[in-house]
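Scroll down for the structure; my scribbles are underneath it.
No lab work stands behind these numbers, since they all come straight from the coordinates. Every value quoted in this text rests on a predicted model; they were computed, and no experiment measured them. In this analysis, Cβ positions are derived from the backbone assuming ideal geometry, glycine residues included, and neighbour counts consider all displayed protein chains.
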Amino acid sequence: MSAISFQSVSKAYPSPRGPKGSTFLALDGVSLDIEEGEFFGLLGPNGAGKTTMISILAGLTRANSGSVRVLGSDVQKDFAAARRKLGVVPQELVFDPFFNVREALRIQSGYFGVKNNDAWIDELLESLGLADKAHANMRQLSGGMKRRVLVAQALVHKPPVIVLDEPTAGVDVELRQTLWQFIAKLNKQGSTVLLTTHYLEEAEALCGRIAMLKSGRIVALDRTSELLKAASSNVLRFKVDSELPKALADQARITGRIVQFPAHDALEIERYLAAVREAGLAAQDVEIRKADLEDVFLDVMTKNKDSVHGVSA
Amino acid sequence: MTGWKALLYKEVLRFWRVAFQTIAGPVLTAMLYLLIFGHALEAHVKVYDQVSYTAFLVPGLAMMSVLQNAFANSSSSLIMSKVMGNLVFLLLTPLSYMHWFVAYVGAAVIRGLVVGIGVFAVSAFFTDISFVAPLWILAFSVMGAALMGTLGLIAGLWAEKFDQLAAFQNFVVMPMTFLSGVFYSIHSLPAFWQGVSHFNPFFYMIDGFRYGFFGVSDVSPWLSLGVVGLSLLAVSAIGIQLLRTGYKIRS
């Protein structure tokens, strides 16, 4: 049985722009199975449909067609069972200002029907570095601390399937370390983890399998190692002081002064450097590095540039 | 506490944490009405024989406070959770729409009754209060609070901004409570306005409630019970339906 299963799931929202009654297709027939015990990454640019997928999984949004199951329980027809198996860390930094940390966690346990949960709550507080904040009101916590509480709230009922929707957006290094150590431990103990993130190095380090989403469709789905293999194996990286000619710039990834070219062999590298020299530019700090997930991601996204958002009346 | 009881507990704790504003404030407001209207009108207005105007006013003010605070509790809790985004904690849980309904309306009833008891406790310093038929008092206060708690739930689900909720409160709840006979018996009104008052469900809540204190009322308490009961069923059906379909909370 899959931990998470999407079968031909589509979702259209009313279009914010365009004529009245027109819709925006956020998910276009997505099918995806995540097995028990996986650490799975869901990547994609803003607006690709990642949060829509998670919202449907969590029951916050209803799909127009298709079915979604959590460990065999349909998220609509059998919503109570599905939600008991699911722990979701929402993307927005939300909190209830009336309660302190321990109260918030006790109340959340109550919603899930978990009695006398203090031992597990203590463990959560300890593992997430919140032990000394247990009696602090939610309002008094810093952004990072509120994020930790969100994680604890999602885990309060010991869900076998954990969903983290961009949990490290705007979070300091220390929390990222604490969080990933803890989540990795839960994953080792058997929990399934579904993660969406903008930090591709995190996904590369943590996820065994990755799906890349674009315009509501899955455009790549494989083991992380396979995805990395499929990309051009090396990247030529250097700095230039002025702009590259257009023909060259189109093939490169440019971040300020840093220019990066995907390269398969020495010949290709020589050709790029020669072209730069012919353009009258000097390449500085030249290095060749292994391709990473960001290269794969950009590669996949460029290849699928043609696919447009479905807009229908 | 688990399930819907956890949500009820959270909702009660929410208003209790700010009791100065949610309980003491409304009790003080009711006392100001009692002092000012009671003092100004005591010698001029005679509603029922044997009942002083101040004594007549107390149950009306208490019921008005019960109703307004029941409404305020569910509506403000929902709109705050929606605006702040923390309603997601509840949306992610296995609680069903009936659990939501029972907990939100239950907490509204509790807040309404606590404020109502507060109004009586303080009024007892100013006037003698009689309880002729306590069961009627209990029935009307609980049903009235539940009715208003449910209306608050509906308004809280519907409103997207605080000012929409304030408009509902100022243009619907306040006029209907004020024009329901809190400060007067509708028998003192011209025939036309007496007729209009009979279409105001708030009139029946207050008239029936008052019957429990004096054993006299403008209309039969059984009629009031029927009207309030049917109104409660009607708004409950709407509230439950909105929660079931996830109106404005699940897309």
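Some notes on this structure:
- Using alpha-carbon coordinates, inclination of helix A:118-127 to the longest axis of chain A, degrees: 20 degrees
- The eigenvalues of the Cα gyration tensor, multiplied by 5 and square-rooted, give the protein assembly as shown an equivalent ellipsoid with semi-axes of 62, 24, 21 Å from largest to smallest.
- For segment A:1-109, the ratio of Cα radius of gyration to the globular rule of thumb 2.2 N^0.38 Å stands at 1.22.
- Taking every C-alpha pair closer than 8 Å and separated by at least 6 residues, the mean separation divided by the residue count of segment B:1-136 gives a relative contact order of 42 percent.
- Segment A:154-313: relative contact order as a whole-number percent, Cα under 8 Å and 6+ apart: 22 percent
- Solvent-free Debye scattering, log10 I(q)/I(0), computed from the Cα coordinates of chain A at q = 0.14 Å⁻¹: -1.10
- Applying the Karplus relation 6.51 cos²θ - 1.76 cosθ + 1.60 with θ = phi - 60° to segment A:85-100 yields 3J(HN,Hα) values of 8, 10, x, 10, 9, x, 6, 6, 7, 10, 7, 9, x, 7, 10, 8 Hz, where x marks Gly and Pro.
- Distance between segment A:16-81 and segment A:181-242 - C-alpha centres, whole angstrom: 20 Å
- Estimated translational D of segment A:149-281 in µm²/s (Stokes, Kirkwood radius over Cα pairs; 25 °C; 0.890 mPa s): 136 µm²/s
- Neighbouring partner chain Cβ atoms per residue of A:87-100, average, 10 Å criterion: 4
- Under the combined filter of DSSP loop state and at most 11 neighbouring Cβ atoms within 10 Å, segment A:29-105 retains these trypsin sites (Lys or Arg not before Pro): A:Lys77.
- The distance separating the Cα centre of segment A:124-156 from that of segment B:164-226 comes to 49 Å.
- Per-selection Rg to Rh, segment B:59-161 - Cα, Kirkwood hydrodynamic radius: 1.08
- For A:Ala220, distant residues with modelled amide H under 5 Å away: A:Met212
- With only Cα atoms counted, segment A:232-290 has Rg and Dmax values of 10.3, 28 Å.
- Karplus (6.51, -1.76, 1.60) ³J(HN,Hα), θ = phi - 60°, over segment B:48-61, in Hz, Gly and Pro reported as x: 10, 5, 6, 10, 6, 5, 4, 5, 5, 5, 4, x, x, 5
- Descending principal axes extents, segment B:1-128, alpha-carbon based, whole Å: 59, 24, 19
- Note that segment B:184-251 carries a Kirkwood radius of 13.7 Å, evaluated over its alpha carbons pair by pair.
- Over chain A, relative contact order from alpha-carbon pairs under 8 Å, at least 6 apart, %: 21 percent
- The calculated 222 nm mean residue ellipticity attributable to helices in chain A amounts to -10000 deg cm²/dmol, summing -39500 (n - 2.57) over DSSP H runs of n ≥ 4 and dividing by all residues.
- Helix axis angle, A:293-303 relative to chain A longest principal axis, alpha carbon, degrees: 70 degrees
- A:Ala63 sits among other residues whose Cβ lies under 14 Å from its own Cβ, and their net charge, with Lys and Arg +1 and Asp and Glu -1, is +3.
- Each residue of segment B:4-245 gets 121 Å³ once the volume of the Cα convex hull is shared out per residue.
- Note that segment A:223-228 has calculated 3J(HN,Hα) couplings of 5, 4, 5, 5, 4, 5 Hz, one per residue in order, obtained from phi through the Karplus relation 6.51 cos²θ - 1.76 cosθ + 1.60 (θ = phi - 60°); glycine and proline are x.
- Amide H contacts of A:Phe98 (H built 1.01 Å from N, in plane; Pro and chain starts excluded): no residue 5 or more places away or on another chain comes under 5 Å.
- Dipole of segment A:232-290, positive end: most advanced residue of A:Leu267, A:Ala279, A:Gly256 [Cβ charges, Cα centre]: A:Gly256
- Neighbouring Cβ atoms from other chains, within 10 Å of the Cβ of residues in B:4-16, number 3 on average.
- Crossing angle, helix B:134-158 versus chain B [Cα axis fit, 0-90 degrees, rounded to tens]: 40 degrees
- Qualifying lysines (Cα of each under 26 Å from Cα of A:Lys303; at least 8 residues distant if same chain): A:Lys11, A:Lys50, A:Lys214, A:Lys229, A:Lys239, A:Lys246, A:Lys290
- Exposure here means at most 14 other Cβ atoms within 10 Å; with GluC sites (Glu not before Pro) in a DSSP loop as sites, the longest stretch of chain A lacking them is A:93-242.
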